[in-house]
Amino acid sequence: LYRMRPAAVHRPFARIDDGLLSNDFGALPATPNQLRWDPLALPAAGESVDFVSGLATMGGNGDPAAMSGCAIHVYRANASMRERFFYDADGELLIVPQLGQLRLVTELGRLEVEPQEIAVIPRGIRFRVELPDLKSEGGTLDAARGYVCENFGAPFRLPDLGPIGSNGLANPRDFLAPLAWFEDREGDFELLTRFQGRLWTARIGHSPLDVVAWHGNHVPYRYDLRRFNTIGSISYDHPDPSIFLVLQSQSDTPGVDTLDFVIFPPRWLCAQDTFRPPWFHRNVASEFMGLIHGVYDAKAEGFSPGGASLHNCMSGHGPDRASFEKAVAADTRTPQHVGDTMAFMFETRTVIHPSAQALALPTLQADYWRCWQGFEKRFDPGAG
Ligand code: FE2
């Protein structure tokens, strides 16, 4: 980095309240129950909440001290950060906007991301977040909302494509890094950090976004999920869901990722004589899902943009009964376009512990389990 002042120029850090951020994933027993939440409430008018103070932990696993695992948060914000700056020493941040655009003003430049785009901010990079879609900024929204995965482990990378070959899924050319940009501002500013799962704050007399030029590869980037080159069956049956893998954090065990970022984008369903929705399954991975836009094709109702679900290791899940009945009745000689949708999943190697506050949310659906009730056995031993 070619910067105006060294990064060491600031007052000492002091602990502050962690708010709704949590890293105490062992505090509660993890649950094998299927969980689902309605969209989280936006900040009330009259309270000013920026991107950092609006972060709330939904769950996670592992430990930043061991540099393994992740924390899963949502953010709800109605104020831009002007005099507060943040960096995360515990991990890189994968940011998934769901409502409203974010302008990420980082040490290495500015990134603008809107819903259906993502941004990744590497460990340690200082930044602040502006919300250009707010009414107070000339936009139309009262607040912004989205999801954040804080990856304590190896940085996200693109997966090897195996037999797919050289192109497909998320293509490298679509990942965009910012141009260098700086601000030369002096004042009484705040530098926040998340360090070993706790929030700290320090006074700083200038904007730390004073990098005038840079080179290297520890850089923020953005990616438009609508650029994903979706692969799928054009004959029968389902390929593994790894066809939807955007980014992976590899573990020290070859072939087993610590964390995968997966999307379910618009696509054609063409498989014949096949139950086309995402199938019923249990698996070793633990799956936190969110919906960015539209309708998810395996759920008729109850899974709304801004909502979330959690299906932990070996907990059975899949389409609800209404989606099942519709798929069974579908004529699979005809292709079907799943258009108005963008869902995603943070999928982890180890069990995701929901946070105490996530389990206490009024938006947690107590009756989620009922969406799988009423299935009748369809086996007839006398049928030819
Ligand atoms: Fe699943």
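Please treat every number below as a calculation from the coordinates, not as lab data. Quantities reported herein were computed from a predicted structural model and do not represent experimental measurements. Note that each Cβ is placed from the backbone with ideal geometry, even for glycine, and that neighbours are counted across all protein chains shown.
Quick look at the numbers
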quantity	calculated
Using θ = phi - 60° and Karplus 6.51 cos²θ - 1.76 cosθ + 1.60, couplings along region 13-30 (whole Hz; Gly, Pro as x)	7, 9, 5, 10, 4, 7, x, 9, 8, 8, 10, 8, 6, x, 5, 10, x, 5
The chain - charge dipole about Cα centre, Lys and Arg +1 at Cβ, Asp and Glu -1, debye rounded to 20	180 debye
Extreme residue, positive dipole direction of the chain, given options 247, 10, 122 (C-beta unit charges)	10
Cα-based Rg and Dmax for region 55-158, where Dmax is the largest Cα-Cα distance (Å)	13.6, 44
Overall Cα dimensions of the chain, principal axis frame, Å, largest first	81, 45, 45
Among 295, 60, 171 the positive-end extreme of the charge dipole of the chain (Cβ point charges)	171
Spatially proximal lysines relative to residue 377 (Cα-Cα < 27 Å; intrachain offsets below 8 disregarded)	299, 326
Computed FRET value (nearest 0.05) for residue 83 with residue 363, which takes r as the C-beta separation and R₀ as 41 Å	0.80
Percent RCO, i.e. relative contact order, over the chain, from Cα pairs under 8 Å lying at least 6 residues apart	22 percent
With at most 10 neighbouring Cβ atoms within 10 Å, loop trypsin sites (Lys or Arg not before Pro) (DSSP) excluded, longest segment of the chain	1-332
Order of 112, 287, 47 - criterion: other Cβ atoms within 10 Å of each residue's Cβ, fewest first	47, 112, 287
